[in-house]
Ligand code: GDP
């Protein structure tokens with residue numbers, strides 16, 4: 001009857017108004033908050049210093065899907081043609097709060113993409129590369145498990161969540177180019193994976209004899225010697241590394257924006 005119908009309509013409109021979510025993750029100091037601010041303000045205003053708030057902070061943005069607006073897509077207002085509304089959610093990168101961020105990653109509904117922001121100028125230093133790679137390893141493993149769980153029999157499958165590694169601070173002369181950011185992270189994740197999975201491979205048990213549980217704990221192609229981001233494609237997870245700059249007078253954040261706009 002009518003109440004049922006009304007309920008259905010309400011339920012549908014509620015689903016409809018929840019916008020797709022893009023999560024900003026990464027070690028603190030990478031530039032997440034600055035990036036969120038630049039997108040929110042639409043460009044050039046100097047961003048405020050990093051928030052000390054421990055809560056995730058969301059801003060609602062509109063990405064134009066007009067081809068003509070490709071180069072100027074920032075935050076479009078609702079009146080200018082075709083756009084897609086999405087939530088860009090900043091998370092605290094601080095070590096102690098990382099579990100909160102990872103929890104969000106595990107549970108987030110309508111999660112369309114992850115933007116993992118790193119300071120490309122610091123990644124040449126082992127003290128910065130280690131923790132950044134560790135965090136990214138955790139993020140990728142959560143996404144891999146999310147995908148595997150969704151693919152399990154009886155569950156309705158869901159698409160994998162793509163990851164953009166935003167190699168930020170390209171204005172600094174110590175910044176590694178994007179290809180080197182990629183290589184450095186892959187090498188370090190290879191090392192982390194080997195130490196995390198110690199015993200799994202050299203137990204003498206062949207890959208075929210291992211249960212699903214062991215496989216689940218291994219990031220990427222099972223048993224492979226070297227980790228590459230391409231291995232995540234097996235789990236429907238595309239990883240791209242793109243360069244950019246947030247805080248220069250002319251921020252260079254369009255490549256990332258365009259990447260996001262394609263995925264929401
Ligand atoms: P978060 O901890 O990841 O949110 O990082 P913040 O957004 O707070 O940025 C950390 C610091 O890096 C701040 O002092 C920013 O001004 C600075 N920063 C962010 N983006 C850039 C950039 O592209 N170039 C340079 N040189 N500094 C940046």
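What follows draws every value from the coordinates through simple rules; no lab data is involved. Just so it is clear, the model here is predicted, and its values are computed rather than measured. Cβ placement follows ideal geometry from the backbone for every residue including glycine, while neighbour counts extend to all protein chains displayed.
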inquiry  = Tally up the residues in the stretch 28-42 that are under 15 Å from residue 252 (Cβ atoms) and in contact (Cβ under 8 Å) with a residue 40 or more places away in the chain, please.
reply    = 5
query = In the stretch 82-128, what count of residues is obtained for those that are away from the ligand (no atom under 16 Å from the Cβ), assigned to a loop (DSSP other than H, G, I, E, B) and free of Cβ contacts under 8 Å to residues at least 24 places away in the same chain?
reply = 1
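Take residue 172 and tell me if it is more than 16 Å from the chain's Cα centre (by Cα), within 16 Å of the ligand (Cβ to nearest atom) and outside any loop (DSSP other than H, G, I, E, B). Walk me through it before giving the result.
Details: more than 16 Å from the chain's Cα centre (by Cα): yes; within 16 Å of the ligand (Cβ to nearest atom): yes; outside any loop (DSSP other than H, G, I, E, B): no.
Here the answer is no, as residue 172 does not meet what is asked.
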task = Could you list, in sequence order, all residues of the stretch 236-260 that are buried (at least 20 other Cβ atoms within 10 Å of the Cβ) and in a helix (DSSP H, G or I)?
result = 256, 257, 260
query = Quick one: in the stretch 215-235, which of the residues that are surrounded by fewer than 17 Cβ atoms within 10 Å (Cβ to Cβ) and not in a loop (DSSP other than H, G, I, E, B) is farthest from the ligand (Cβ to nearest atom)?
reply = 215
